[in-house]
Amino acid sequence: MEYKEENIFEMKTYNIATILLNYNSEEDLFESVMQLLVQKEINQKIIIVDNNSKKETIEKIKNWQKKEFPNALCGSYDYVSSKIDNYETNIYFVYNDINNGYSAGNNIGIRLADRLQVDAVLIANPDMRFNDNLYIKKLYETLNSDEKILVAGSRIVGLDGKDQSPSREGTFWEELLWFKPLFKIFFKPSSYLISYEKKYTFKVEKIMGCCLMLRMNFLRDIEYFDENTFLYSEEAILSKQVLQKNGHIVFNPNIEAIHAHKASEKGNKYKRMLFFTKSRLYYLRNYSGYNSIRLTSLILSYSILYILYFIMAKIKK
């Protein structure tokens, strides 16, 4: 399905909440927030959720907040939630005392956004860069151009200049034969990115979770993000949730944000892969729709992968 851009918006107020989930990324956070503050032609609330960063990081954020945003509403989720209805501000800081992962952390911000009665939520990593000060307005216009569009994403470009979105799900055989990339001399590696030459908005299967916009009524309808994964497979789960609601995810290649992510800062790769395999197993069991034979095959395959990475993580500890 293709969506052509139409000038159907005139003098309207766009009520958007931008949620930044932070974990030990204070310098990225500071830069991202300052870019978000200069977004034009929207009524924006910025909700920063710190997912139990180290003490030094939290101290830096609090000092920065006191200097730049002395009137911000800050504290635990319970405290901010208790004050939010009678507090005039456009920026909120929530400090978690436990890290329950990507979905649970973002849900804290989404619940507050729902209380603020916004029309849509922009989920963004702190390392996103928005050089276009009409980025949020344009993305919201994309989201709101058809009532069946529930999620919208833009072009995401890495520091290497390469596109990172949109993407597709792996096939059954690609997942079952996960070991193929270990033998690159014999097998051509699969690409999950979707190449495109289109200049208009079009329907896609999946977009990156580092920066995407969702309708608030859709999030409310699905009772917010599924919190049963700590990290990874969030985009795949979201894709299935959109399909279950007979909605669409769309990609607008005419809007661009930069993902200033540094691969060297990802941490222990074996622990990351443990998160990935555990999340993927949850997705397969609850969302994939595979029949019992295929599902059992994939569960066994990924279980082997999980065991291998568990052993490697112990060795490299």
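Bear in mind these aren't lab numbers, they're just calculated from the coordinates by the rules spelled out. All values reported here derive from a predicted model rather than from experimental measurement. Here Cβ is always computed from backbone atoms with ideal geometry, including for glycine, and neighbour counts include all displayed protein chains.
Observations, loosely collected:
- Taking the inverse of the mean 1/r over every pair of distinct Cα atoms in segment 220-284 gives a Kirkwood hydrodynamic radius of 14.2 Å.
- C-alpha long axis of helix 102-115 to longest principal axis of the chain, angle in °: 30 degrees
- With only Cα atoms counted, segment 190-250 has Rg and Dmax values of 12.6, 37 Å.
- Angle of helix 234-244 to the longest C-alpha principal axis of the chain, folded into 0 to 90 degrees and rounded to 10: 80°.
- Degrees separating the helix 269-286 axis from the principal Cα axis of the chain, which is the longest one: 90 degrees
- Fraction of beta bridges assigned by DSSP in the chain that are antiparallel (%, nearest 5): 35 percent
- Environment charge of GLU205, counting only residues whose C-beta is closer than 9 Å and scoring Lys/Arg +1, Asp/Glu -1: +2
- Protection proxy ranking for 91-104, 160-173, using the average of other Cβ atoms within 10 Å per residue and placing the highest first: 91-104, 160-173.
- Residues whose amide H lies under 5 Å from that of ILE149, counting only those 5 or more places away or on a different chain, are HIS248; hydrogens are built 1.01 Å from N in the peptide plane.
- Working from Cα pairs under 8 Å separated by at least six residues, relative contact order for the chain is 21 percent.
- For q = 0.07 Å⁻¹, Debye-computed log10 I/I(0) when each Cα of the chain counts as one equal scatterer: -0.29
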